[in-house]
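Below is one structure, written out as structure tokens; comments come after it.
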Amino acid sequence: MVSGNMSYLDLILDPKETGGAIPRYGDAQAKVVYNFNENNKLTFLEVLSIDQINLDYENALKTKLTNVFGRTDGVTNVAGLNWQYLWGKSGYSNTSLSHTYFGYKRDYSETKSKNHLFANNSHEKTIKLRNVNYYKVDDNNNFEFGFETKYNFSNFDVLYEAWEDHYGNTTPRLYVDNKINSVKSGIFAQHRMKISERLKLEYGGRIDYFQFNDHITFHQDYLWLMK
């Protein structure tokens, strides 16, 4: 299954109404499902989004709604593969591997002077592996447990040019070029127990490790459900 969309706001909007900029949005999705047999199913999913705002110099001069001109481009993409395995009547598991991408590209200048103001050429990427298992002991007890690990590798490339406000105060030039690579991993488990027809109890816990700050967290919770 494949689908896509694209906006054409430039056909119905006047640039004067939007400060000289006409946004354009587009997206695409794809999904493929393959059954190896009655116990194994593989699913591939792809989602792409593209955003664009172009405020050119000529349109910026004609409007009083803005004093800058430039362009913004953004890309978001998620692709993942999931394997569902049926153990039998007692349970099943889902194991997924995914990649997420956020890309930013922005470049703006002042209209009156044409002085460069700001640029952002950054991206964030994450690879995630997750496994969730569901096991039914009997009609009154079932368990959910698993693990997940994420690897984040991002590059922040941002430039703020020096500028002076209306009172003569000067802000110095700032350039950020920072790369971050880190891992976050966790394990979790939950027990759902039916005590009676009207009373149920859910309790569980989770342990996470953050490589970035070398920190371990533990969270536990419980919930009473009454009809």
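Read-outs: derived from the displayed coordinates by stated rules, not from any lab. None of these values were measured; they are calculated from a predicted model. Glycine also receives a Cβ, built like all others from the backbone with ideal geometry; neighbour counts cover every protein chain displayed.
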Among ARG206, ARG130, ARG198, determine the one that fluctuates most according to a GNM of the chain built with springs between C-alpha atoms less than 10 Å apart. ARG198
Considering the options SER49, THR76, ASN94, tell which one lies farthest towards the positive end of the dipole of the chain, charges being +1 on Lys and Arg and -1 on Asp and Glu at the Cβ, about the Cα centre. ASN94
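Per residue, how big is the convex hull of the chain when only Cα atoms are used? Give it in Å³.
Details: hull volume 49.4 nm³, N = 227.
So the per-residue hull volume is 218 Å³.
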Place +1 on the Cβ of every Lys and Arg and -1 on the Cβ of every Asp and Glu in the chain, take the dipole about the Cα centre, and give the residue among LEU225, GLY186, SER109 whose Cα lies farthest towards its positive end. LEU225
Place +1 on the Cβ of every Lys and Arg and -1 on the Cβ of every Asp and Glu in the stretch 119-219, take the dipole about the Cα centre, and give the residue among LEU174, THR149, ILE195 whose Cα lies farthest towards its positive end. ILE195
Between ILE207 and TRP163, what is the label-point separation in nm under the 7 Å Cα-to-beta-carbon projection? 4.9
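So how much slack lies between ARG173 and SER49, counting 0.36 nm per residue of separation and subtracting their Cα-Cα distance, in nm?
On the way: separation 124, 0.36 × 124 = 44.64 nm, distance 3.23 nm.
The ARG173-SER49 span can extend by a further 41.4 nm.
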Förster-model FRET efficiency, 35 Å R0, ASP56 and TYR222, C-beta, rounded to 0.05: 0.05
Considering only Cα-Cα distances, which of the following residue pairs are longer than 21 Å: LYS136/LYS200; LYS62/LYS114; LYS150/LYS179; LYS41/LYS150; LYS125/LYS150; LYS31/LYS89? LYS41/LYS150; LYS31/LYS89
About the Cα centre, and with charges only on the beta carbon of Lys, Arg (+1) and Asp, Glu (-1), how big is the dipole of the chain? Nearest 20 debye, please. 620
Computed label-point distance, nm, for sites VAL32 and SER90 using a 7 Å Cα→Cβ extension: 3.5
